[in-house]
Amino acid sequence: MITVKDIRVRSFDIDYLDVYWSVDTNEDLQKYAFVVQKAYNQFGPFNDITGQIRDRFHLRDNTVTGQHSFYTKIYYRIKVVVRDP
């Protein structure tokens, strides 16, 4: 079983957010892919903002371009999917 942990969101510029995560598993990671989801409420609805990400544990979300408010909260989650052949 794959466990996604340590999801971190960093902002180095107002034009994007960097999302990092790590995984804990004993399985072969080549069988799986990650889909990053985003919501503006902690309970959802969460929408996919990426396709299947393989061999990476980082995403630069540039859909938040020009956010000048510190009060807008964005919630991310990482969905693990079985990889397409």
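The values are calculated or read from the model by the stated rules, or taken from the named source; none is laboratory data. Values in this document were obtained by computation on a predicted structure and should not be read as measured data. As a convention, Cβ positions derive from the backbone with ideal geometry for all residues, glycine included, and neighbour counts pool all protein chains shown. Surface accessibility is based on the protein's heavy atoms, side chains included, excluding ligands, DNA and RNA. Shrake-Rupley method; radii C 1.70, N 1.55, O 1.52, S 1.80 Å.
Data table
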read-out	value
Matching residues, the stretch 19-69, being free of Cβ contacts under 8 Å to residues at least 24 places away in the same chain and among the hydroxyl-bearing types (Ser, Thr, Tyr)	50, 69
Subset of the stretch 14-30 [surrounded by 11 or more Cβ atoms within 10 Å (Cβ to Cβ) and either of a type outside the set (Gly, Ala, Ser) or in a loop (DSSP other than H, G, I, E, B) (or both)]	14, 15, 16, 17, 18, 19, 20, 21, 23, 25, 29
Filtered residues of the stretch 31-59 (kept if of a type in the set (Ser, Thr, Tyr) and either in contact with a helix residue (DSSP H, G or I) (Cβ under 9 Å, 6 or more places away or on another chain) or open to solvent by less than 80 Å² (accessible area, probe 1.4 Å) (or both))	32, 50
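This table checks each residue for (1) modelled with pLDDT of 90 or more; (2) among the basic types (Lys, Arg); (3) closer than 15 Å to residue 79 by Cα.
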residue: 3; (1), (2), (3): no, no, yes
residue: 14; (1), (2), (3): no, no, no
residue: 33; (1), (2), (3): yes, no, yes
residue: 38; (1), (2), (3): yes, yes, yes
residue: 45; (1), (2), (3): yes, no, yes
